[in-house]
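Reviewing the structure listed below.
Readers should treat all values here as calculations from the given coordinates under stated rules, not as data from a laboratory. Given the structure is predicted, the values throughout are model-derived calculations rather than measurements. As a convention, Cβ positions derive from the backbone with ideal geometry for all residues, glycine included, and neighbour counts pool all protein chains shown.
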Amino acid sequence: MSIQSVVAPATMHSGQIAGDRSGRARLVIGALCVVLALTAAFGVSSGASDASAFAVLKGWLLPAGAGEAVLSERDRIIIYDIRMPRVVMGMLVGAALAVSGAVMQGLFRNPLADPAIVGVSAGAGLGAVSVIVLGGTLLAPLTAVLGIYALPLAAFAGGLAVTLTLYRVATRRGQTSIATMLLAGIAIGAMAVALTGLLIFVADDRQLRDFTFWSLGSLAGATWSKVFAVGPIVVAVLAVSPFLARGLNAMALGEATAAHLGVPVQRLKHVAILLVSAGTGAAVAVSGGIAFVGIVVPHLLRLLIGPDNRYLLPCAALLGASLLLIADAVSRTIVAPAELPIGILTAAAGGPFFLWILLRRRGILDL
Amino acid sequence: MIEASTVGVSIGDRRIVEDVVFTASAGEITAIVGPNGSGKTTFLRALTGDLPYRGRITLNGREVAAMRPPEAAGMRAVLPQATQLSFPFTVREVVKLGLMGGRSGALAGEAERLPERALAKVDLDGFGGRFYQELSGGEQQRVQLARVLCQVWAPVLEGRPRYLFLDEPVSSLDIKHQLVIMDIARDYARRGGGVVAILHDLNLTAMYADRVAVMSHGRIAAAGTPRDVLEDRLIAKVFDCELKVGVLPAGGVPFVLPQSVAARL
């Protein structure tokens, strides 16, 4: 039985009009808001210390004098300076990765497009590593001017370079070849990894430690300054993405038909490419190689609410944020008191998931 | 009114369409016929603004190349030969994409259920909840026509006619649905809109088209009413095929038969 057949009957029941899934999509958005609030509260309240979100709430609600008594100084630091930035960064990274994935899939008209799979993350990684390794020497002027934004902007530039190249190579006369896209992604990714390797080769010990930590994919290094560095970029991506939704829907019918429907296709493509690069760049800059969020989240949501980007994009942001917080909670507890890099977790779960999609869609992929 | 004067279109270095003069009026079905590779689709893609062209093409007096996509979308809708969909949209969701420009011109009361009405028109009543990708080629083609109809539902908007461009609208359809679709086109024209359709079936062309343009080697070989254009020597020459054109006794509608069949009658 196909995926579609499983979904179809439920579709008929939920909306009054057959084939209209917007009512269900709105319900899902509401539910995902609740899920995100719960996972965020859990993320703030759980951990090696027993400082809890409940205590934080009490601290806020009670008058100043009483609040001090509820929350010790140590707990304050744990909650406000360790857990909160980590939770906020997890939400930003998860939302950015999921939305970037969904937009890229719409742009390439293919559910298998994902920034991590087609080398955009590798390009962003190259940008980030350049700043980590060369930030004190060759790129010193850049880091001096841009400050904390140097890392995410460099990652954005790297991701943008890859996305643009990929689009040029894989698209001919408005048709994107899936096979070319995936293969070009491998080639471009390999080049980015090679350059990254070269940078690691010349890195010193401290930089090497920074890099290793970063490359495994982790939220462990979260600080407020990192949150402030990528927050504006991610918020901008999330704010702009809804404006692409209708255009991306039309793009599913092909570029020519989208234009016939009144979509300014060239502008849409340019904005989408910028968005994917910025979202991926921001996420990669602070959290390293967290793969598969961009493909798993939109795919699950399409099964649930359909491919309408007007609902898919906000849902992807919410589910991506929640999923990353859940993964982070697992990575913190599964080998406690040590921490598993979250990238290992998402790859371990996302890899088989990707294979599963491939198996189900083998016919459509048409390599 | 659609007017094209001395239009040329090249793809890469190849000149596909050369020196074409063409007009299509509101209130009429204008058919473009011609053998495979004669440049019909390429010319249509110039008319719809998909391809750059030399010369002039105007829609209601506006140069096609100078129109921005939203303006053009309010003036005409385009049915391509076939449409592959990359995500599991329902039929209703596909049809509703036709409404995204907000210029359907439907009355306030009609607008809400327009996708259902359009689907009923193309004989797909009750298909709204089905998945597009699970339909047959002919059904998909009719879904796309329903989407196209939603886009320019009112044939005349704000006193100006609107146009349907149909690239082989019936080639994947059974005979009943060929007639259903051609009746929709005729109705659209009768109510003041314009229809330009690439057709392969010369008999369907003779029955439905008000005017016919015959393309051959990237040029217009003949243009006029079906009765003027569909005659033995021209058709046989353009299609490089032994054909016999007769005329139906009632109404004087021409019909085309292979010579081998006609000889036996």
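Multiplying the sequence separation of A:W356 and A:R310 by 0.36 nm and subtracting their Cα-Cα distance, what value in nm do you get? List each step's numbers first, then the result.
Numbers: separation 46, 0.36 × 46 = 16.56 nm, distance 2.61 nm.
Fully extending the segment from A:W356 to A:R310 adds 13.9 nm.
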- When Lys and Arg each count +1 and Asp and Glu each count -1, what net charge do the other residues less than 15 Å away from B:D232, Cβ to Cβ, add up to? 0
- What is the distance in Å between the Cα centres of region B:46-111 and region A:109-153? 40 Å
- FRET efficiency (B:L107, B:Q259; Cβ distance; R0 45 Å; to 0.05) is 0.30
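Per the Cauchy relation, a quarter of the hull surface: what is the mean projected area of the convex hull of the alpha carbons in chain B, in nm²? Could the numbers behind the result be given before it?
Working: hull surface 60.2 nm².
Answer in nm², one decimal: 15.1.
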- Please report, for the Cα atoms of region A:247-287, the Rg to one decimal and the Dmax as a whole number; what are they, in angstrom? 13.0, 41
- Task: Search the structure for amide H atoms under 5 Å from the amide H of B:K244, placed 1.01 Å from N in the peptide plane, and list their residues when 5 or more places away or on another chain.
- Result: B:L257, B:Q259
- Jot down the radius of gyration and Dmax of chain A, Cα atoms only, both in angstrom. 21.2, 69
- Local electrostatic count, B:P35, Cβ distance below 13 Å [Lys/Arg +1, Asp/Glu -1]: +2
- Note on the structure: All alpha-carbon distances of region B:84-151, grouped into 5 Å bins from 0, give the whole-percent distribution 4, 20, 33, 24, 13, 5, 1
- Message: Using the Cα centre of chain A as the reference point, and only Cβ charges (+1 on K/R, -1 on D/E), how large is the resulting charge dipole? Debye, rounded to the nearest 20.
- Response: 1000 debye
- Query: For region A:298-366, what D do you get in µm² per second when you plug the Kirkwood radius from alpha-carbon pairs into Stokes-Einstein at 10 °C and 1.306 mPa s?
  - Reply: 115 µm²/s
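Calculate the FRET efficiency for A:L300 and A:A338 from the Cβ-Cβ distance with a Förster distance of 41 Å, rounded to the nearest 0.05. List each step's numbers first, then the result.
Details: r = 30 Å, r/R0 = 0.72.
Once the sixth-power term is evaluated, E becomes 0.85.
With Rg and the Kirkwood Rh both taken from Cα atoms, where does Rg over Rh land for the protein assembly as shown? Intermediate values should be presented prior to the final figure.
Values: Rg = 29.5 Å, Rh = 27.3 Å.
Value, to two decimals: 1.08.
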